[in-house]
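Right, one structure below, let's go through it.
The values are calculated or read from the model by the stated rules, or taken from the named source; none is laboratory data. The model shown is predicted, which means the values in this text are computed figures rather than measured ones. No Cβ is skipped: glycine too gets one built from the backbone with ideal geometry, and neighbour counts run over all protein chains shown. Calculation scope for accessible area: heavy atoms of the full protein, side chains included, ligands and nucleic acids excluded. Shrake-Rupley method; radii C 1.70, N 1.55, O 1.52, S 1.80 Å.
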Amino acid sequence: MTKPALAQRPDAPDHPRTQAPDQTVAGTRPARDTHPDKPRNTRKTRKTLTRQARGLSWYWRLFATGFAFCSFGLGGLLMALTIFPAMMVVLQNRARRRKYAQFVICRGFRLFTWMLDITGVAGVEAHNVDRLRTARGALIIANHPTLLDVVMILSRMDRCQCVVKHELFRNPFLFGVVRAAGFIRNDDNPENLIVQARHHLAAGANIMIFPEGTRTPPKCKLGKLQRGAANIAIETQADLIPVVVHCNHDTLKKGVPWYRIPPSKIQFRLEVDPPILFNDIHDPGLPRAKQSRALTRFIKEYILSRLKHDFAGNRT
């Protein structure tokens, strides 16, 4: 007996196993597009392209940067174990000993920046540095885009007093340097900090301070300013000398590791502006707290105006 043929549903397609190109069977993955001309943006491809872009120069600067930082730490430790103890024996006067220690530090920084330059790691171009060398009893304020700012600035001076982070006083390589120079801790009691600043400024020394208190965050031209610089200026009535630091790369900033090397040599440009007289920017009629806020706002607006055409924050 012949089996009767099954009646075909009127809405069923002629070829039930054939699907339209834009349909996908439920529970299955769509087929990958294997078109040879379509680029595939995968992590592996990006890493391969990055390795190809890094030539011999990049790896040399990576090695030179690591060597430079090691030399910096060992150099500070060597000074603390040899030069500065010898100064304590030869120079009994504490203030005079600190001046010579600052001179040695500035000369050491100059040698360090020379090494950075010849190895292709970083170079520096400074303008109107004589304004720093001839100043007496002034407060030097500067923006802080990278880890090397203080080194670059002090390398162009003979001596200078500094307000530094308190962590340096516990650093095994640098604690001897900051102690021998008599640098001021930024976490000290505010009243004691003002007393020390007033003492150094009255003796004719210059004090360098970064109003941000720490390095500028990545992709930013300027971080949030602290009121320490304004408070010192108000209490001592010291004139301000702005130093604007420009850098061609967004590197060595806060949270950026030293081994994240930029694609080319780091170039610093230091611009020392004319002194700003304290009486020209101070309003004694305001309450003390408002004086500090007003001066901090002035410093922020001044530095940002000098960084108006600086696009380092958008670079690598």
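Scan segment 52-73 and give yes if some residue there is of a type in the set (K, R) and not in a helix (DSSP H, G or I), otherwise no. So far as segment 52-73 goes, yes, one or more of its residues are of a type in the set (K, R) and not in a helix (DSSP H, G or I). If only residues of segment 213-232 that are among the hydrophobic types (A, V, I, L, M, F, W, C) and under 18 Å from H144 (Cα atoms) are counted, the one that is surrounded by the fewest Cβ atoms within 10 Å (Cβ to Cβ) is C220.
Taking A289, is it aliphatic (A, V, I, L, M) and free of Cβ contacts under 8 Å to residues at least 24 places away in the same chain?
Yes; evaluated as a whole, the condition is true for this residue.
Evaluated against (1) modelled with pLDDT of 95 or more; (2) open to solvent by 30 Å² or more (accessible area, probe 1.4 Å), I209 falls short on exactly one condition, (2). Quick one: K221 ticks every box in (1) under 25 Å from K254 (Cα atoms); (2) assigned to a helix (DSSP H, G or I); (3) of a type in the set (D, E, K, R) bar one, so which box is it? Going through (1) under 25 Å from K254 (Cα atoms); (2) assigned to a helix (DSSP H, G or I); (3) of a type in the set (D, E, K, R) one by one, K221 breaks only (2). Within segment 272-308, the residues that satisfy the criterion of being surrounded by 15 or more Cβ atoms within 10 Å (Cβ to Cβ) and not in a helix (DSSP H, G or I) are V272, D273, P275, I276, H282, L307.
Quick grid of which residues meet (1) out of contact with any strand residue (DSSP E or B) (no Cβ under 8 Å at 6 or more places or on another chain); (2) closer than 20 Å to Y100 by Cα; (3) in contact (Cβ under 8 Å) with a residue 40 or more places away in the chain:
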{"residue": "L148", "(1), (2), (3)": "no, no, yes"}
{"residue": "V164", "(1), (2), (3)": "no, yes, no"}
{"residue": "A180", "(1), (2), (3)": "yes, yes, yes"}
{"residue": "N192", "(1), (2), (3)": "yes, no, no"}
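Each residue in segment 106-126 was checked for being surrounded by 13 or more Cβ atoms within 10 Å (Cβ to Cβ), touching a residue at least 24 places away in the same chain (Cβ under 8 Å) and within 20 Å of the chain's Cα centre (by Cα), and 13 of them qualify.
Exactly one residue out of H200, H246 is under 17 Å from the mean Cα position of the chain (by Cα), open to solvent by less than 30 Å² (accessible area, probe 1.4 Å) and either farther than 21 Å from R288 by Cα or of a type in the set (A, V, I, L, M) (or both), and it is H246. Go through the residues of segment 233-242 one by one and say whether even a single one is open to solvent by less than 20 Å² (accessible area, probe 1.4 Å) and polar (S, T, N, Q). There is no residue in segment 233-242 that is open to solvent by less than 20 Å² (accessible area, probe 1.4 Å) and polar (S, T, N, Q). Among the residues of segment 224-246, those that are of a type outside the set (A, V, I, L, M) and either under 19 Å from E191 (Cα atoms) or part of a loop (DSSP other than H, G, I, E, B) (or both) comprise K224, Q226, R227, G228, N231, E235, T236, Q237, D239.
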